[in-house]
Amino acid sequence: MRQVSYTQKNTFNIYITSQYDCILISESNNKRYVIADINTCYVDNHKYFTKLDKVLHKPEVQKFFYEDMIKLYSEKCDLHTLKNPWNEDDVPHSKVKAQKLIASLPRSLKWIKEKYILNNKDINETTTAFFRKYYDESSDRSSRQNINKNFKKIGLLPKKKRVGSETYYYYTMSAAELYNAFDKREWIDKEIDLINNNEETGQMIGGFEKEEPEEESSQDYSIEELQQQMEKI
């Protein structure tokens, strides 16, 4: 162990990668990473990147880039002249990061999402029956203690309920409450996680309204109009 202490200026490391799945993020470490939505229109366009590489090696372009960074610093980051400078702790939101967080959810929360939220079903059963069903339907063998820690994140806690002369512990949470708890943490992908209609209540949750079937139209469309209709779909 080093015995003599020393002072060093604050430093930081930046790791840039283009590997989409090389970083595994979770609820505990996601604040360490900034994951941006990337425009992929130039994927495999070797001609474009060959030309870009040549341009970036020109001294005048490098000088312009440096001056642009200095200007950006003075306008956004200078702690001495700005009232509200850029804060590195304000991590920008991105669709890709939200998707990676959803993919990294614990198995128990994914199961609740699939079985209850997406099927618009309430949870109202004893903890014993709930865990029996969960262990039977999933391959998860985590302890109840660890699973309950995950449930606590969404406010799903065991509650005492008296049935006749007996007292049981129940998990009780409506489909809407489950949806809102997941949505608050950005665990709902609005484009993929479509909520099914509840056959018992006929209601939808999460802002999804039951759509009435449209009347068939006898109108003839041109090729262009049909293409526009398909793009909307």
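None of the figures in this text is laboratory data; all of them are computed from the coordinates on show. None of the values given here were measured: they were computed from a predicted structure. For neighbour counting, all protein chains shown are included, and Cβ atoms are generated from backbone atoms with ideal geometry for every residue, glycine included.
Assorted remarks:
- Whole-Å distance, taken between Cα centres, linking region 156-172 and region 61-79: 62
- Using only side-chain charges placed at the Cβ, +1 for Lys and Arg and -1 for Asp and Glu, the dipole size of region 106-184 relative to its Cα centre rounds to 300 debye.
- Ordering Lys161, Lys97, Lys83 from the fewest to the most neighbouring beta carbons within 10 Å gives Lys83, Lys161, Lys97.
- Length added when fully stretched, Met69-Ser143, from 0.36 nm per residue minus Cα-Cα: 21.5 nm
- Within a straight-line Cα-Cα reach of under 22 Å, Lys113 can be paired with the following lysines, leaving aside sequence neighbours fewer than 8 residues apart in one chain: Lys95, Lys97, Lys100, Lys121, Lys133, Lys149, Lys152, Lys153, Lys159, Lys184, Lys190, Lys210.
- Extending 7 Å from the Cα toward the beta-carbon at both Leu194 and Ser94 defines two label points whose distance is 2.8 nm.
- Relative exposure of Thr7, Thr172, Thr50, judged by other C-beta atoms within 10 Å (fewest first): Thr7, Thr50, Thr172
- Put a dot 7 Å past the Cα of Asn87, heading toward its Cβ, do the same for Tyr33, and the two dots end up 2.4 nm apart.
- Asn45 versus Asp183: modelled label distance in nm, points set 7 Å from Cα along the beta carbon direction: 3.7
- Global geometry of region 106-184, whether rounded, prolate or oblate, following the gyration tensor of its Cα atoms and the 1.5 cut on a/c: oblate
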